Structure formats: C-alpha cells, structure tokens
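One structure follows; several queries about it will come next.
The values are calculated or read from the model by the stated rules, or taken from the named source; none is laboratory data. Owing to the predicted nature of the structure, the values given are computational and were not obtained by experimental measurement. Here Cβ is always computed from backbone atoms with ideal geometry, including for glycine, and neighbour counts include all displayed protein chains.
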Amino acid sequence: MVVCGEDTGRVLSAGDKGTVYYLTETKAPFNYVRMEEDIVLKISPIGKPSIISGPEGKLEETDDSFIYTLSVPNVKEENGKVLLEVTKTIAGNMGNKNEKFDFTFFTSDDDTLSYEWTLNDINQENLLKSGDTFTLGHGDKVVVNIPKDTEVTITEKDAREYRASVKVDDGEPEEVMSKTVTMDADKTIEFINTKKGVIPTGVWMSYTAFILLGVMALIGVIFFSKKRTRRQ
C-alpha cells in the first residue's frame, strides 16, 4: 500500500468473502486540520476496492491488478503559521552529488521557541530551535513550520571549494552563503553549490606539437649537415 507517495510495505488482502478496511489519518500536513472520521473501504474477493464511507477516489484496472487513488481533503488551518522550504542543489561538471553540507537556522523569535520540521517529508522528532543546524545533500529538502512575519536566516556553514549562491522563490540567484527572509507567506530558499572544471581536451594537441617540433628540428639538422658536406 502506498501512502503519500511512500510505500508502506503493507498488503491489503481481499479474503474469500472480501474484507473491509478502515483508514485513519494520524497526522495532517503542517497547517492543515486532521481528518477525524475514518475512511472505510472494501476489497472484493477479486481484489477490487470500493469506498463505503469517505471521499471517492479514482479506480484504474490493469491486466493483473486494481489501482485505487484516493485524496484526503484536508482543510487549511488558520493558525498564523507559514512554511519555509530549504532545498539543496549541487551543480557543475565537477560537482559531487554525494557530498553533504551543514546549515544553521536562526530566527528573530525567542531562543526558547521550537519549530516543527520535516526532512525529505519525514517528520523529525527533535524540534528545531534558533541556532540549531541541519544537513542537506543534493535534492534534499527541509520544511519548517514558522509563525507568520518571523525573520529567518539560513546560513551555509562551509561551501568548501564550491561557488555558493542562493535563490528565494522565483528570484535571481545571489552569490552569497546566507539569506534572511521575512516569513510573510510560504517561501522557498534554494542553496546552489557549483563546481566547474576544465576538462584537459588539449593533451593530444600538446603531444602533436612536440612531435612536429622534433621533426622540424631533425630536418633542420639534416639540411644543415648536407650543406656543410657539399661545401667541403
């Protein structure tokens, strides 16, 4: 069974007479109200799912299975909070996409406040506080749930031999390692580390040049020797 794009590894068995299942939303996404009522569905003896109670989904039948896609209608919660998404991109022909980089999180709020956050869509048990650090690699994503109008600063601690730049939402990248934003709405900060190198494509040209110079020198020596021989 797949939930929110992640395979849970659970298999819904049909049984000889069909089986009824109850789906309970244990936790809603940040700033949304959790669905309190269970979704009740039935799997027929041939494995075909149908909804008994809850939102209707989309049924797709393949040669050997049934695929039922169901969307949970969470309601936006007016709790005065917004989401800060921090992403990491490693670019350039010499960039190593297996490298990890550390970041520091600072806010204008009291240092005693804690913030809910996720790393690659997984809820983190240890809440984030101002001054804490987290680590990102290529394609990683951190999302922090922050009170609206909070001033947040994200700083990359060490870009090493990479050229660092930062882009906020759809803006242009700036060659900096730290960015401060006021969270008046949901925002995305993308940290881009670029490493480019010149591939030595001219190696054979160098060897060829040395060979030609050697041939020319040899011809010059032979020509000079013959002239001197004739004069004698």
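If we scan the range 131-148, do we find a residue that is surrounded by fewer than 18 Cβ atoms within 10 Å (Cβ to Cβ) and out of contact with any strand residue (DSSP E or B) (no Cβ under 9 Å at 6 or more places or on another chain)?
Scanning the range 131-148 turns up no residue that is surrounded by fewer than 18 Cβ atoms within 10 Å (Cβ to Cβ) and out of contact with any strand residue (DSSP E or B) (no Cβ under 9 Å at 6 or more places or on another chain).
In the range 95-117, what count of residues is obtained for those that are out of contact with any His (no Cβ under 9 Å at 6 or more places or on another chain), surrounded by 13 or more Cβ atoms within 10 Å (Cβ to Cβ) and more than 20 Å from Thr155 (Cβ to Cβ)?
Count: 1.
Between a residue in the range 96-118 that is not assigned by TED's automatic domain parsing to the domain that holds Pro29 and any residue that is in a strand (DSSP E or B) and acidic (Asp, Glu), which pairs come within a Cβ distance under 8 Å, given they are 6 or more apart or on different chains?
Phe101/Glu156; Asp102/Glu156; Phe103/Glu156; Thr107/Glu151; Ser108/Glu151
Phe105: farther than 24 Å from Gly80 by Cα and part of a strand (DSSP E or B), yes or no?
Here the answer is no, as Phe105 does not meet what is asked.
If you go through the range 85-97 one residue at a time, do you hit one that is hydrophobic (A, V, I, L, M, F, W, C), assigned to a loop (DSSP other than H, G, I, E, B) and farther than 30 Å from Lys179 by Cβ?
No, the conditions are met nowhere in the range 85-97.
Something else about it: Given the options Lys81, Lys88, name the one that is surrounded by 13 or more Cβ atoms within 10 Å (Cβ to Cβ), under 30 Å from Asp158 (Cβ atoms) and in contact (Cβ under 8 Å) with a residue 24 or more places away in the chain.
Lys88
From Pro45, Pro73, which residue is surrounded by fewer than 13 Cβ atoms within 10 Å (Cβ to Cβ) and in contact with a Pro (Cβ under 7 Å, 6 or more places away or on another chain)?
The unique qualifying residue is Pro73.
Pro73 versus (1) at pLDDT below 90; (2) touching a Lys or Arg at 6+ places or on another chain (Cβ under 8 Å): which is the lone unmet condition?
So the condition that Pro73 fails would be (2).
Working carefully through the options Tyr68, Tyr32, find the one that is surrounded by 14 or more Cβ atoms within 10 Å (Cβ to Cβ), touching a residue at least 40 places away in the same chain (Cβ under 8 Å) and not assigned by TED's automatic domain parsing to the domain that holds Asp170.
Sole residue among the options that is surrounded by 14 or more Cβ atoms within 10 Å (Cβ to Cβ), touching a residue at least 40 places away in the same chain (Cβ under 8 Å) and not assigned by TED's automatic domain parsing to the domain that holds Asp170: Tyr32.
Could you say whether any residue in the range 141-151 is of a type outside the set (S, T, N, Q) and at positive phi?
yes
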